[in-house]
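These notes concern the structure reproduced below.
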Amino acid sequence: MTITQAVLSFAVVAGLLTLVPGIDTALVLRSSLTRSRRYAFATALGISTGAMVWGVAAAVGVSALLAASEFAYRALTLAGAAYMVWLGASLLWKSWKSGPAAAAATLAATAKAAPGGGRELLQGWLTGTGTNLLNPKVGVFYIATIPQFIPQGSSPLMMGVLLAGVHCVLTMLWFAGLIFGAGYASRWLSGPRSVRVIDRVTGTVLVGFGLKLALEPRH
């Protein structure tokens, strides 16, 4: 796998996960609707800062393990593949089992659970950063995925920064769309049918990518 292939493959996974509504999306959406556009962008930047920290930590922390043995590399690969399959299967299961009322209730609960903040830009940035750093799902995602996209011979630190940077760019683009079109975005996100479609598409891609990762030999 070349660096270009690694970046493009990771961008697909990160981009799909960015579109799945979660606490970060709810936080930015609430900031844009109840506070100001500047505050919402500060919050989004804080979330991206937390993602960058997670990405670098994941890449550097597993570099020695990856270089140690083929067994360690394979074990980590299977762990990452299992995580992707589990996440994708969970999305598919939720989309088929949850009816419109359940999907709407879940979105409403997520939005209410999103933490608030003050008016100052620094406080918005700290709120976004703290929310992402304290979210274990973000750390699990990076630890399970980033090592799989580090080509042999490349610097783990460089790739960690590069891949986390790609995720941050995609995240900021998505958040910018939410902030500038908050009214439309909130109506779209609250539609149970749209949520189910996103879950099914994302779940299918993640399951397929995880299976491909598990079956792909190390080059």
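Among the residues of the range 147-155, is there at least one that is at pLDDT below 80 and either aromatic (Phe, Trp, Tyr) or part of a helix (DSSP H, G or I) (or both)? Checked the range 147-155: at least one residue is at pLDDT below 80 and either aromatic (Phe, Trp, Tyr) or part of a helix (DSSP H, G or I) (or both).
The lone criterion from (1) modelled with pLDDT of 80 or more; (2) open to solvent by 30 Å² or more (accessible area, probe 1.4 Å) left unmet by Thr127 is number (2). Count of the range 2-30 residues, restricted to those that are open to solvent by less than 10 Å² (accessible area, probe 1.4 Å) and farther than 14 Å from Trp174 by Cβ, is 3.
The values are calculated or read from the model by the stated rules, or taken from the named source; none is laboratory data. All figures in this text were calculated on a predicted structure; none of them were measured in a lab. A quick note on method: Cβ atoms are made from the backbone with ideal geometry, for glycine too, and the neighbour counts reach across all protein chains shown. In case anyone asks, the SASA skips ligands and DNA or RNA and just uses the protein heavy atoms, side chains included. Shrake-Rupley method; radii C 1.70, N 1.55, O 1.52, S 1.80 Å.
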